[in-house]
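Following: one structure in structure tokens, then a few remarks.
The values are calculated or read from the model by the stated rules, or taken from the named source; none is laboratory data. A quick note: this is a predicted structure, and the numbers were derived from the prediction, not measured. Cβ coordinates were reconstructed from backbone atoms using ideal geometry, including for glycine residues, and neighbour counts include every protein chain displayed.
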């Protein structure tokens, strides 16, 4: 921290200043001129929270994508299909059993199994041929999208998470002071916070897995040097299959989480594939921390874009990607 | 860019270029290169006179190839400056350095597998000339094509003129590698282990090719085979752990007790 | 097969394989014996899709850059035809003369493609696919969100080609010849310049970018220039496509269609410019007649499976299968034809591939 300040004094001051302004905007009661300039405080804080929670959801999806790429150099463009499939499977399980938690577990396990099957039956046969692997994942996503459409039709499905996850909580943030002097507090849906909490928990779990376990050590070794991993006598195929399972399982898991926060319908696969692509391009392919940073940036950009300049929202996301590619082609946390 | 006006001379004998070259072909001043915490090059100072031939020796990991990459601009040095023919090129991209007369060969063959031998050489000749973006097919009387035909004869590859590079033997690929480095008007060539993997006969052929190079062409050669290296150079730089450890004539190096103890006589086959 | 080397030889009509003349004659005479449906919906449409896929094949096959933003470039040209020219949607439609709108649309598509290239060449290899896919999807969402320029979800309708010298260009036969003219023109241009200094450089950059830099080439500029040229091809095809459909909407440039273009190029084969056209014919026939085989609703399953089979078992597509057959034929009777076949290959690019696989 101190070193950063010494080396990048200007940046550090700018970041500090921005944080102070931001904290003031969150906690202070907005004066008249600010409301006139950029609208109500409620919109601003709500957009911010939406952005952060959306970032959490994007992290859940993108972390699996980036994990698989980091180890196997496999750009899995069927990752969005896995998200959607996880959502549908979770929905069926929740409908049948009435348990949302069971839906989460089954979605994870089922999609993870599909991931293992793909790795063992398909990708293993074309190791080192990035382009062909990628084309195969495109083919799979075409067929998968069509079959899911056939099976679940074009309807929109919505989950019923447990009641205690529903409702809103009141934040200790004053939105405005009414004329009678009483303060109005900002409220926010509890479930959205849950999404964020789950994302943080998954992030920590992945970090622990990669940094504190033997298998994680192997994965990290494989990311740095695949030949070394093979030479060290580890069953590389087993590690690959495991990582693919985790990556795919996370997509399925995210399908239930995201499907509960929003909804699931055809086309969501593309949406989350795009999100994953942009998140990892911005954050750096293969880096979990990069996925977290990228997800936060893209989530915020999307929500602020939507709230403040609706017809050009996508452009903002896109511009962030272009700027990152121009300044740092390997992504924010990407190594070379 | 000034080379684009060069008349259609075959690549090897751009003798007229010599007069304007200035005294030094290459000057490295305090060049260092770090990869994270790893110091690959530390405070390297080398001056190479125009037309001088020098060997860089050292064990694996001594920083020899990194040195080449720093000279060609494949990596930028962390600190220090690189001057080519009197001009500071530290911040210039590699293609700009090539246009000033720098060439290199690679340890592993970096050729265009999907193209024919003549197309490989043709592209090498075209690289420094106008018309690289031309969409018209090249005619036989094109000056680059003319240079390419001359070069293909110089490295004895006429028989495989239209073969794909992927179909060539290893020795032929090494010959082609040298032909690519000779294209255009080179004034300084960096040879990265040209003899590695060659048979004894092919090695003596290589020595012949190197000795027959026009006198105005300076070169630096990285080579583990002392028999090859010491026969084709006037000076030697020994490197160890990214630093220059000793400099001298081939005789001095060969007879230096310290060097003998450390390197000579030990079998350094291939990298 | 680049042993069929041509860069030193000058072009001569005598060297062209007779099969090319036969094919040309068949294509020219096609409207004489085909129904309007086959002229317009099948042939013209195949030629247009093939041209868009050709712009991808040029980048991927010669340059090693799989760009999924080609349809977006074509779509931009189509949208600009609606915006600059005339449409029946009561939005925009500046009423420029058709020729000016065409020129500006094509150049804008080329500029768009150049920008995509400038972004994509910052990285290498598999990144290109990801970045161009992200651009294509972002462009799709943008056209859907934006009502000021792109008229949002509904897009534009009533975009028609002009009537020249009393000939309505949208009538099946004139439109077929127009498409044939454009497609064969670009086909010939790509084939011809694949052996130019630029074409060879592009293939060499695909094989070994680092060495090309070491030879004094600015590889990024070459790649960006390739994107510019492919943008011209895609943009021109985009103008034809919007005239063909008479309308354009975000759905015309959606991800499924973006992927269709890739499917066409891969199924056809990316080692020779004829590949995209073979792929387009196969695709359009399948799209129109899959209804007879299975439920029309499941077309994507059929085409996706076909795509998967090609990627898994015949990486060079239909072209690869065709060449495999030829090779087997040659093996069956080696002495008689092998010699003449080779010289045949050397002089006519139409039956041989110019480049090795990436």
Among the numbered conditions (1) closer than 27 Å to residue C:20 by Cα; (2) in contact with a helix residue (DSSP H, G or I) (Cβ under 9 Å, 6 or more places away or on another chain); (3) surrounded by fewer than 22 Cβ atoms within 10 Å (Cβ to Cβ); (4) within 14 Å of chain B (Cβ to nearest Cβ), tell me where residue C:190 comes up short. (3)
Region B:132-146, residues that are part of a helix (DSSP H, G or I) and at the interface with chain C (Cβ under 7 Å from one of its Cβ atoms): B:145
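With respect to residue C:127, determine if the residue is within 30 Å of residue B:106 (Cβ to Cβ), in a helix (DSSP H, G or I) and away from chain B (no Cβ under 14 Å).
Numbers: within 30 Å of residue B:106 (Cβ to Cβ): yes; in a helix (DSSP H, G or I): yes; away from chain B (no Cβ under 14 Å): yes.
Considered against the rule, which asks whether it is within 30 Å of residue B:106 (Cβ to Cβ), in a helix (DSSP H, G or I) and away from chain B (no Cβ under 14 Å), residue C:127 comes out as yes.
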So, in region B:71-89, how many residues would count as being away from chain C (no Cβ under 14 Å) and under 18 Å from residue B:187 (Cα atoms)? 6
Within region A:283-310, the count of residues that are surrounded by 21 or more Cβ atoms within 10 Å (Cβ to Cβ), within 24 Å of residue C:144 (Cα to Cα) and within 14 Å of chain C (Cβ to nearest Cβ) comes to 4
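Just for helices (runs of 4 or more DSSP H) wholly inside region A:73-183: which have at least 2 residues that are touching a helix residue (DSSP H, G or I) at 6+ places or on another chain (Cβ under 8 Å) and modelled with pLDDT under 85?
Working: elements: A:79-97, A:100-121, A:130-152.
Those helices (runs of 4 or more DSSP H) span A:130-152.
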Of all the residues that make up region C:154-175, how many are closer than 30 Å to residue A:270 by Cβ and either touching a helix residue (DSSP H, G or I) at 6+ places or on another chain (Cβ under 6 Å) or assigned to a loop (DSSP other than H, G, I, E, B) (or both)? 4
Identify all residues within region A:73-101 that are within 11 Å of chain C (Cβ to nearest Cβ) and surrounded by fewer than 24 Cβ atoms within 10 Å (Cβ to Cβ); write none if there are none. A:73
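Please tell me if residue A:313 is touching a helix residue (DSSP H, G or I) at 6+ places or on another chain (Cβ under 9 Å) and either surrounded by 23 or more Cβ atoms within 10 Å (Cβ to Cβ) or under 18 Å from residue A:87 (Cα atoms) (or both).
Working: touching a helix residue (DSSP H, G or I) at 6+ places or on another chain (Cβ under 9 Å): yes; either surrounded by 23 or more Cβ atoms within 10 Å (Cβ to Cβ) or under 18 Å from residue A:87 (Cα atoms) (or both): no.
For residue A:313, the condition - touching a helix residue (DSSP H, G or I) at 6+ places or on another chain (Cβ under 9 Å) and either surrounded by 23 or more Cβ atoms within 10 Å (Cβ to Cβ) or under 18 Å from residue A:87 (Cα atoms) (or both) - is not met.
Quick one: count up the residues across region A:311-336 that are outside any helix (DSSP H, G or I) and either more than 11 Å from residue A:281 (Cβ to Cβ) or more than 7 Å from chain C (Cβ to nearest Cβ) (or both).
Here is the first cut: in region A:311-336, the residues outside any helix (DSSP H, G or I) are A:328-336.
Then keep just the ones that are either more than 11 Å from residue A:281 (Cβ to Cβ) or more than 7 Å from chain C (Cβ to nearest Cβ) (or both); that gives A:328, A:330-336.
Number of matching residues: 8.
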Do you know which residues across region C:307-324 are part of a helix (DSSP H, G or I), within 9 Å of chain A (Cβ to nearest Cβ) and crowded, with 18+ Cβ neighbours inside 10 Å? C:307, C:308, C:310, C:311
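Let's see how each residue does on (1) free of Cβ contacts under 8 Å to residues at least 12 places away in the same chain; (2) out of contact with any strand residue (DSSP E or B) (no Cβ under 6 Å at 6 or more places or on another chain):
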{"site": "A:21", "(1), (2)": "yes, yes"}
{"site": "A:24", "(1), (2)": "yes, yes"}
{"site": "A:38", "(1), (2)": "no, yes"}
{"site": "A:49", "(1), (2)": "no, no"}
{"site": "A:63", "(1), (2)": "no, yes"}
{"site": "A:72", "(1), (2)": "no, yes"}
{"site": "A:83", "(1), (2)": "no, yes"}
{"site": "A:103", "(1), (2)": "no, yes"}
{"site": "A:107", "(1), (2)": "no, yes"}
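Does residue C:259 satisfy the criteria of being in a helix (DSSP H, G or I), more than 9 Å from every other protein chain (Cβ to nearest Cβ) and on the phi < 0 side of the Ramachandran plot?
Numbers: in a helix (DSSP H, G or I): yes; more than 9 Å from every other protein chain (Cβ to nearest Cβ): no; on the phi < 0 side of the Ramachandran plot: yes.
Taking the combined requirement at face value, the residue does not satisfy it.
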Check off (1) away from chain A (no Cβ under 14 Å); (2) within 17 Å of the chain's Cα centre (by Cα); (3) over 30 Å from residue A:70 (Cβ atoms) for residue C:112 and give me the number that stays unchecked. (1)
Quick check on my filter: what residues within region C:193-210 are within 8 Å of another protein chain (Cβ to nearest Cβ), crowded, with 23+ Cβ neighbours inside 10 Å and touching a helix residue (DSSP H, G or I) at 6+ places or on another chain (Cβ under 6 Å)? C:197, C:199, C:200, C:201, C:203, C:204
Can you confirm whether region B:90-112 contains a residue that is away from chain C (no Cβ under 13 Å) and either within 14 Å of the chain's Cα centre (by Cα) or within 21 Å of residue B:218 (Cα to Cα) (or both)? yes
Mind telling me which of the residues C:290, C:280 ends up being at pLDDT below 90 and under 22 Å from residue C:71 (Cβ atoms)? C:290
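Yes or no, residue by residue, for (1) in contact (Cβ under 8 Å) with a residue 24 or more places away in the chain; (2) surrounded by 15 or more Cβ atoms within 10 Å (Cβ to Cβ); (3) in contact with a helix residue (DSSP H, G or I) (Cβ under 9 Å, 6 or more places away or on another chain); (4) in a helix (DSSP H, G or I):
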residue	(1), (2), (3), (4)
B:173	yes, yes, yes, yes
B:176	yes, yes, yes, yes
B:197	yes, yes, yes, no
B:215	yes, no, yes, no
B:224	yes, yes, no, no
B:230	yes, yes, yes, yes
B:251	no, no, yes, yes
B:259	no, yes, yes, yes
Out of region C:139-168, which residues are more than 14 Å from residue C:79 (Cβ to Cβ) and more than 14 Å from every other protein chain (Cβ to nearest Cβ)? C:160, C:161, C:162, C:163, C:164, C:165, C:166, C:167, C:168
Does region B:73-80 contain any residue that is closer than 21 Å to residue B:247 by Cα and in contact with a helix residue (DSSP H, G or I) (Cβ under 6 Å, 6 or more places away or on another chain)? no
Give me the helices (runs of 4 or more DSSP H) completely within region B:53-131, filtered to those with at least 2 residues that are surrounded by fewer than 23 Cβ atoms within 10 Å (Cβ to Cβ), free of Cβ contacts under 8 Å to residues at least 12 places away in the same chain and on the phi > 0 side of the Ramachandran plot, ordered by residue number. none
Long-range neighbours under 6 Å by Cβ, at least six apart or interchain, first residue more than 7 Å from chain C (Cβ to nearest Cβ) and touching a residue at least 24 places away in the same chain (Cβ under 8 Å) within region A:133-158, second in a loop (DSSP other than H, G, I, E, B) and surrounded by fewer than 21 Cβ atoms within 10 Å (Cβ to Cβ): A:149/A:266; A:154/A:266; A:156/A:263; A:156/A:265; A:158/A:263
